[in-house]
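Here the structure comes first, spelled out in structure tokens, and everything after it is commentary.
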Amino acid sequence: MTVIYLETSALLTWLFGEPDASQIINTINGADLIVTSELLRIETMRALKRALHEKLISPEQLETLIQTFRDYIKTCFRMSIDESVVAGATVDFPAEPVRSLDAIHLSTALEYKKLYPELEMLTTDARLKQNKASLGLG
């Protein structure tokens, strides 16, 4: 079974149609299960609103992107930021420094890994890529 932990940078790459978007889409489409953190919802909505305020997208594009995101997120299994995730986010990671929100993603992915040993993290973030390799997340 192919289980993918979807991190926010990968989702935003897809939504904004950035250069690696087709690779992200292919990986997502090839997965049997997509898991993520509730943090993804917050980060994605904030990024979309920031893009509007920075005039990178129009109000119409914002509405389309929000609807696309809302439709897609319904297909993902999302973990809340519970005590186990918080505790896991406070440890040292192999490639430090790690920002707080990235630590939450790493911790959440590691919690999922307990259920799905084959899990791989999908991210475009360089620091997360360093950590995911060291942590056995793909």
Checklist entry - Counting only residues that are crowded, with 22+ Cβ neighbours inside 10 Å and of a type in the set (A, V, I, L, M, F, W, C), which one in the stretch 120-136 is farthest from residue 38 (Cα to Cα)? => result 128
Item to check | Leading residue by the ranking (surrounded by the fewest Cβ atoms within 10 Å (Cβ to Cβ)) among those in the stretch 93-116 that are aromatic (Phe, Trp, Tyr) and part of a loop (DSSP other than H, G, I, E, B) | outcome: 116
Checklist entry - Quick one: residue 118 ticks every box in (1) in contact with an Asp or Glu (Cβ under 9 Å, 6 or more places away or on another chain); (2) at pLDDT 95 or above; (3) among the charged types (D, E, K, R) bar one, so which box is it? => result (1)
Checklist entry - If you take the residues of the stretch 1-17 that are surrounded by fewer than 18 Cβ atoms within 10 Å (Cβ to Cβ) and touching a residue at least 24 places away in the same chain (Cβ under 8 Å), which of them is farthest from residue 109 (Cα to Cα)? => result 16
Checklist entry - List pairs: first in the stretch 25-53 and more than 12 Å from residue 10 (Cβ to Cβ), second part of a strand (DSSP E or B) and of a type outside the set (A, V, I, L, M), Cβ under 7 Å, 6+ apart or cross-chain? => result 33/77; 35/5; 35/77; 37/78; 38/78
Item to check | Residue count, the stretch 121-138 (criterion: assigned to a helix (DSSP H, G or I) and in contact with an Asp or Glu (Cβ under 7 Å, 6 or more places away or on another chain)) | outcome: 2
Item to check | Hits in the stretch 22-72 - residues which are of a type in the set (A, V, I, L, M), farther than 15 Å from residue 123 by Cβ and not in a helix (DSSP H, G or I) | outcome: 33, 56, 57
Checklist outcome for this item: residue 68 vs (1) in contact (Cβ under 8 Å) with a residue 40 or more places away in the chain; (2) more than 15 Å from the chain's Cα centre (by Cα); (3) buried (at least 16 other Cβ atoms within 10 Å of the Cβ): all pass except (3)
Item to check | Sole residue being under 24 Å from residue 116 (Cβ atoms), modelled with pLDDT of 95 or more and of a type in the set (Asp, Glu), chosen from 63, 83 | outcome: 83
Item to check | Pair list, Cβ < 8 Å and 6+ apart or interchain, from the stretch 87-105 residues that are over 21 Å from residue 41 (Cα atoms) and touching a residue at least 40 places away in the same chain (Cβ under 8 Å) to residues that are crowded, with 20+ Cβ neighbours inside 10 Å and charged (D, E, K, R) | outcome: none
Checklist entry - Right, residue 28: surrounded by 13 or more Cβ atoms within 10 Å (Cβ to Cβ), at pLDDT 95 or above and closer than 28 Å to residue 114 by Cβ or not? => result yes
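The values are calculated or read from the model by the stated rules, or taken from the named source; none is laboratory data. Please read these numbers as outputs of a predicted model, since none were measured by experiment. Glycine also receives a Cβ, built like all others from the backbone with ideal geometry; neighbour counts cover every protein chain displayed.
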